[in-house]
Amino acid sequence: SCLSRMESKEPEIHAMLTVTADAAIARARELDGRRSAGEDLGPLGGVPVILKDNMCTAGVKTTCASRILEKWVPPYDATVVRLLLEAGAVLLGKANMDEFAMGGSTENSAFGVTSNPWALDRVPGGSSGGSAAAVAAGYAPIALGSDTGGSIRQPASFCGVYGLKPTYGRTSRYGLVAFASSLDQIGPFARTAEDVALVMEVLGVHDPMDSTSQPVPADEFSQALAARDLKGKRIGYLKEVAEYDYDERMKKALSEAMKACEEAGAEMVEISLGTAIDHGLASYYILAPAEASSNLARFDGVRYGSSSKDSESLMELYLKTRKDGFGDEVKRRILTGTYVLSAGFYDAYYLKAQKVRKVIKQEFAKAFEKVDSIILPPSPTPAFKVGELIDDPIAMYMADVFTIPVNMAGLPGISINVGFSEEGLPLGVQFIAPRWGEKELLSTAVVME
Ligand code: GLN
């Protein structure tokens with residue numbers, strides 16, 4: 001039924017880059033046989049799952065929505081893919097995204113934009129827009145995305161689904177094509193808090209293949225769903241957000257969610273995260289491109305993917321392959337990244353941004369002495385129109401102001417749908433918690449359902 005839903009909706013939504021229908025049906029049949037024979041298939045036995053196309057899948061193309069990897073087939077599975085398969089999941093295919101996860105609308109895909117299932121002339125958000133749209137359109141109950149500066153939480157909000165960005169180090173990045181390694185984290189999209197918890201129980205395990213994966217014990221996330229009230233909880237709201245000029249519909253969603261928290265027993269506490277909101281964005285757009293420029297150096301036409309044909313020297317091969325293979329936004333990031341890392345500017349930009357990052361971390365640590373979690377919007381606006389921001393990269397970057405600080409501090413954050421605007425656009429709110437506080441987020445999310 002997921003595949004036929006996909007078949008009927010894909011012509012208008014275009015959330016998928018690769019659909020592995022035959023393999024999925026064969027796998028489902030095999031699982032069915034094993035279940036009939038009395039075998040326990042695992043916590044995701046038979047559950048269809050979709051992956052963002054930056055997670056390596058053995059024998060299945062992994063393009064990162066880039067021309068440079070258009071035909072690249074990885075020889076191995078990312079750890080998250082292995083864990084899903086071991087838990088009994090059925091993979092349906094790979095979802096569209098902004099090229100190399102750089103963007104917030106899926107418009108930077110080399111293979112065409114994805115439409116928001118709630119309003120086809122609008123973007124699904126990004127960079128994991130295909131995954132969010134796929135879950136919203138009913139292609140699968142679960143999809144995975146990656147979040148470097150908001151790419152799970154913002155599209156979840158735009159598409160009216162749940163999206164969790166775990167604590168940095170909770171899910172393995174082994175086999176995730178790196179964008180900014182110190183910020184990237186894989187997490188789930190789903191339509192209920194319960195499904196988010198279930199997937200996290202499968203993915204939230206230590207992986208020796210990723211040196212930044214932390215050896216924390218696997219959590220029983222589903223336990224967090226039992227309480228169903230927020231008695232004794234203190235939830236922080238930001239002075240800076242109250243003063244920020246953003247969309248009225250998002251403001252209303254936030255204040256209604258705050259009311260709901262209070263009704264469920266929480267105490268709302270005003271806090272301040274001045275550096276995070278005022279300087280987080282600017283420092284992210286130094287650090288993330290810096291890391292990206294280094295990570296993307298490997299795409300040289302020799303080691304991976306496509307390679308320019310008629311070059312006369314190795315240097316020409318590098319130049320042509322990268323010129324033809326990367327889109328504008330990726331080139332913009334590489335240029336910015338190499339610039340801020342260059343000898344003359346390193347101290348002024350990269351080093352300074354690292355210092356800001358440290359202050360942001362300290363600021364959050366202080367805030368969490370007073371509150372259990374923090375509520376804020378996932379983005380300043382609901383889903384915008386296709387083409388609306390594409391010619392204004394700075395405006396597109398500004399849309400990440402409320403999600404980026406969370407990555408800078410390595411914290412977990414969840415985006416949940418709390419309603420719809422008059423014209424039918426999904427409206428979300430975001431909660432963030434201290435490191436390893438995913439349970440806190442889930443217990444809040446379930447109360448808001
Ligand atoms: N929109 C942000 C960017 O373009 C975040 C992307 C992401 O989280 N992958 O960098």
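Worth pointing out:
- Only residues that are out of contact with any helix residue (DSSP H, G or I) (no Cβ under 7 Å at 6 or more places or on another chain) and either over 17 Å from S443 (Cα atoms) or not acidic (D, E) (or both) were counted in the stretch 190-203, giving 2.
- Of the candidates V340, V330, V269, the single residue that is among the hydrophobic types (A, V, I, L, M, F, W, C), in contact (Cβ under 8 Å) with a residue 40 or more places away in the chain and surrounded by fewer than 20 Cβ atoms within 10 Å (Cβ to Cβ) is V269.
- Of all residue pairs spaced 6 or more apart or on separate chains, none has beta-carbon atoms under 7 Å together with a first member in the stretch 1-22 that is outside the structural domain of K94 (by TED's automatic domain parsing) and a second member that is modelled with pLDDT under 95.
- Residue in the stretch 52-66 that is assigned to a strand (DSSP E or B), touching a strand residue (DSSP E or B) at 6+ places or on another chain (Cβ under 6 Å) and not assigned by TED's automatic domain parsing to the domain that holds K323 present: yes
- Only one of the numbered conditions (1) more than 16 Å from the ligand (Cβ to nearest atom); (2) over 19 Å from G126 (Cβ atoms); (3) under 18 Å from the mean Cα position of the chain (by Cα) is violated by V371, and that is (3).
- Counted as qualifying within the stretch 247-339 are the helices (runs of 4 or more DSSP H) with 1 or more residues that are aromatic (F, W, Y), namely 274-295, 314-325.
- The condition of being out of contact with any helix residue (DSSP H, G or I) (no Cβ under 6 Å at 6 or more places or on another chain) and not basic (K, R) holds for only one of L183, L85, that being L85.
- Test result for G88, out of contact with any Ser or Thr (no Cβ under 9 Å at 6 or more places or on another chain) and on the phi > 0 side of the Ramachandran plot: yes
The values are calculated or read from the model by the stated rules, or taken from the named source; none is laboratory data. Computed from a predicted model, the values in this text were never measured in an experiment. Heads up, the Cβs are rebuilt from the backbone with ideal geometry, glycines too, and the neighbour counts pull from every protein chain shown.
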